[in-house]
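Here is the structure we will look at, set down as structure tokens.
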Amino acid sequence: MFLRYAVKEMRIRRHRTAVNCIGIAAAVALVISLHALSTAYQAAVRKPFEASGVDLVLERPNAQNSGGPRTSGVILPDSATAITGAELGWLSQIEGIEAITASIQAWSFDSGNFKVIAGIDPDSPSIGPAMFVHWVSDGRFFQSDERGVAVVEKHYANSYGIKVGGSVAISGEEFRIVGKVAAEEGSQLAAPNFFLPIDETRRLAGMEENAVNAVYLRLRQASDTKIISDRISGTISGIKISSPDSSLSVADSLFALSERFIGLISVVIAVVAVFLIFKAVTSSISERIREIGVMKAVGWTGGDIRRQLTLETLLQTIVGGILGIIVGVSLSFAFSVFKINAPLPWQGSPLPGSANLSAATSELVALEISLSPTFLLGVFGAAILLSLLCGMSASSQAIRMKPAEALRKL
């Protein structure tokens, strides 16, 4: 009886029912889409680190190069100056670091042709720029004991007509191109134009033995990022540490909202939803004062009326919640057609020292939307719970109403 009566009332009051359902659906859809968008953006920002297997990137900005200032040939950027071999040794002793790969990021301005160079050891752990060893699209990668050889990034090679078997002049020396590598999406953490053996790069840049200027770390547990960062800062002076969290903190975008801000927005939406449901019930009671008076006069108890009004509210919330989930999921996955600029810290950029050049320190990454059934059920369940609480609270007004007072309005 209660269910039939509730459905009949919803059909009779179509306009109010539609308004209530649409309002609830909008609140549910907004919570879902905001959560999906925030999660997708955070995943996109972390993608360059994850794709390169890196948890932390270390470089030393604005330090004096050991070899003195350089104005020609192969130079180190001021934003990525030397880290000594002794300091690398200290890093290897820090507990919680699973793998370390060191490289040299350098620039060459020979013949007016700017080149970004990475000197790496192909035998080092495959994280950071060393992952390119496995991404050869043509030819091969050089061996650690080879000299006078180089590997070129595929897109750069296509732009300048560089072929495997050809050569390139760097700081007045000829290097034979033995292979091309292709960076995967989100793997531009350290994507230079050319890869050289690390010893060759160190010699061209005039660096001390075993010195580098970029260090990539993979931790045993990613949750230890803050602890290990503090240990590194306390061990090596002047080191700048970059992580996925630091990238999120500098992201200048609406989608860079942290989880606590998304939570705050969700709370605000929930409050609005509660107000909407509560107002819907109270408005329904105001419109049905005479009807409720008749119901009480013919024997309906306060509990009967409470159950009836709460059931009507619950049915509207179920309809609105299902509609909101459909709209929210559809809207969320519609965002996946867009690509966003995933900002890289200047330490991870192919052009160190260019933090203010957004084109140089970001790359387009597709938003990967992911919505778990557990989250959707949680949102739906929360809406149901709120509707039950609001329905029971607002119906108290009807329970206290005296039949004689209501019947006077007939």
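In region 126-148, the residue that is modelled with the lowest pLDDT out of those that are in contact with a Gly (Cβ under 8 Å, 6 or more places away or on another chain) and within 26 Å of R220 (Cα to Cα) is G128. Exactly one residue among V151, V116, V181, V168 is touching a residue at least 24 places away in the same chain (Cβ under 8 Å), in contact with a Gly (Cβ under 6 Å, 6 or more places away or on another chain) and not charged (D, E, K, R), and that residue is V151.
Specify which of the listed residues (S159, S167, S108) is at pLDDT below 90 and touching a Lys or Arg at 6+ places or on another chain (Cβ under 6 Å).
On the way: S159 fails: touching a Lys or Arg at 6+ places or on another chain (Cβ under 6 Å); S167 fails: at pLDDT below 90.
That would be S108, the only listed residue that is at pLDDT below 90 and touching a Lys or Arg at 6+ places or on another chain (Cβ under 6 Å).
Restricting to region 123-163, name every residue that is more than 22 Å from F109 (Cα to Cα) and among the hydrophobic types (A, V, I, L, M, F, W, C). Step through it out loud before you land on a result.
Quick first cut of region 123-163, residues more than 22 Å from F109 (Cα to Cα) only: 123-128, 130-146.
Of everything in region 123-163, those that are more than 22 Å from F109 (Cα to Cα) and among the hydrophobic types (A, V, I, L, M, F, W, C) turn out to be I127, A130, M131, F132, V133, W135, V136, F141, F142.
Residues of region 210-242 that are part of a loop (DSSP other than H, G, I, E, B), surrounded by fewer than 20 Cβ atoms within 10 Å (Cβ to Cβ) and small (G, A, S): S237, G238. Checking each residue in region 49-88 for being modelled with pLDDT of 85 or more and small (G, A, S) picks out A82, G85, A86.
The values are calculated or read from the model by the stated rules, or taken from the named source; none is laboratory data. Since this is a predicted model, take the numbers as computed values, not measurements. Here Cβ is always computed from backbone atoms with ideal geometry, including for glycine, and neighbour counts include all displayed protein chains.
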